[in-house]
Amino acid sequence: MKLSGVAKGLLWLIMAYIYAGLVGGRLPYFILYASIGVLAVSLVWVKVLAGVKIKATLDTNRSEVGKVIFIKLKVENTSFLPLPWVHCSMELPDAFGPENREASFGFHLKSYEKKEFQIPLECSLRGFFQWGRMTVQAGDIFGLFYSSKVIENRLNLLIRPRADFLGKSCLRCIDAREGDRVWSVRPGRHVSEFRGVRAYNPGDSLNRIHWKASLKAQRFLVKEYEQSMMNEMLIFVDLASPKHTFKGYDNSFERGLHVAASLAATAIREGLNVGMVLCSDSLLAIPPNRSKGHLSLILDFLARASRGTVPNAFTEALIKEGLYHPLGDMLILITPDLEAGLVQTLSMFTGKGYKVFVALLKLETFEDGDIDIQARDLAVSRIRHMGIQVLLVDKDTSLQILFGGVQHAAG
């Protein structure tokens, strides 16, 4: 309750008392007694706020960038006195953007009334967030006084990077060497390559019949596929490069995590074992798997990923973790910089027969991006001559289009 409101009420009573004493008569004293009654009722009424209960919860404790979550509020007036107006405000974390730093709304409550509200908020920033302090204000029916109180709620939200499905042909395109022809992919067989047709044998699936070829040959022919050797994918994410940009919500650091999440989601959905290596000040390696809950585990770690400062952490992690995996595995590198040590390491990996794909963040498209474009293009040309595919990932183009471009460029 504001002291100034009480002071104004007392000042009014003193003035009414002096006026009644000086003038006399029924009307001045009626005004005095009525004022005393109104102020007394207002002071009692405003205490009803103590009986207001508000509980805030989230409809989920996990979300991802770009999705909408709801704060659910349950409000109850435990008093027989109604509240003509109630105003609630809650400070919000950075998760919902600079324009959504506070959620506020007003309502009224009848005696013993219960109400429920939902506040929609779009997740804008990856990370783990805690908040929940709410300020509630209410006033009397005459609008003379109001009181406020703070209610503590504990809300926890883990916002993951957005994980887009990149299409069924994405993995077959990544598996191709630089300059290889990429065949069209049969649904459900993303890592199989169409090799030709053969005569139909009893027991062959009717879905594999090549109808056009069968009509020409006047006999049933079925399609033959050759299975790719890629069984596992190991994704290395460079979190320690000094070239990363961090200005704004759509910086190169967050874009790299978006690429990693999307590749992992696509590969697991298509049946591959996926591992993840986060290269920061400390190395975090998630072994390849495709079991239920594995993608959720990867996305949780990506949600909590933080910036590193250790020099050459990415190259050292690639050597330490990459060489322990079989030659048939695909190594995916997500980085903003092809520094000399990394290029030399990639030469060693290709010399040993490893398959490598590089998603290189195009820094000049990000705010405050600092890159020597000529040196970058020279490094890209060099590793492409090793047979390594390099995809330049800019700030705005959708990943579905970019990885579709891999297929187009390889064809």
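The values are calculated or read from the model by the stated rules, or taken from the named source; none is laboratory data. Everything quoted here is computed from the prediction, not taken from an experiment. Please note: Cβ atoms are built from the backbone with ideal geometry, for glycine as well, and neighbour counts cover all protein chains shown.
So the values come out like this:
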| read-out | value |
| --- | --- |
| Residue within the range 253-276 that is farther than 24 Å from CYS123 by Cβ and among the basic types (Lys, Arg) present | no |
| Residue in the range 11-32 that is outside the structural domain of LYS149 (by TED's automatic domain parsing), modelled with pLDDT of 75 or more and of a type in the set (D, E, K, R) present | yes |
| Strands (runs of 3 or more DSSP E) wholly inside the range 194-304 containing at least 2 residues that are within 30 Å of ASP370 (Cα to Cα) | 232-238, 273-279, 283-289 |
| Matching option when the condition is over 28 Å from the mean Cα position of the chain (by Cα), at pLDDT 85 or above and not β-branched (Val, Ile, Thr), among SER104, SER148, SER111, SER124 | SER111 |
| Hey, GLU76 out of contact with any helix residue (DSSP H, G or I) (no Cβ under 8 Å at 6 or more places or on another chain), part of a loop (DSSP other than H, G, I, E, B) and more than 19 Å from ASN156 (Cα to Cα) or not | no |
| Counted residues, the range 83-106 - those being out of contact with any His (no Cβ under 7 Å at 6 or more places or on another chain) and farther than 17 Å from VAL150 by Cα | 9 |
| Single condition GLN389 does not satisfy, out of (1) more than 16 Å from ILE174 (Cβ to Cβ); (2) surrounded by 17 or more Cβ atoms within 10 Å (Cβ to Cβ) | (1) |
| Members of the range 100-122 that are touching a Leu at 6+ places or on another chain (Cβ under 8 Å) and of a type in the set (A, V, I, L, M, F, W, C) | ALA103, LEU109, PHE117, ILE119, LEU121 |
| Options ILE383, ILE332: the member that is in the same structural domain as LEU284 (by TED's automatic domain parsing) and either under 21 Å from THR266 (Cα atoms) or basic (Lys, Arg) (or both) | ILE332 |
| Matching residues, the range 166-205, being touching a strand residue (DSSP E or B) at 6+ places or on another chain (Cβ under 9 Å), over 30 Å from ILE383 (Cα atoms) and either of a type outside the set (Ser, Thr, Tyr) or at pLDDT 80 or above (or both) | ARG186, GLY196, VAL197, ARG198, ALA199, TYR200, ASN201, ASP204 |
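Condition check ((1) under 19 Å from ILE383 (Cα atoms); (2) among the aromatic types (Phe, Trp, Tyr)) across all residues:
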position	(1), (2)
VAL277	no, no
SER282	no, no
GLY293	no, no
PHE301	no, yes
SER306	no, no
ASN312	yes, no
THR315	yes, no
THR335	yes, no
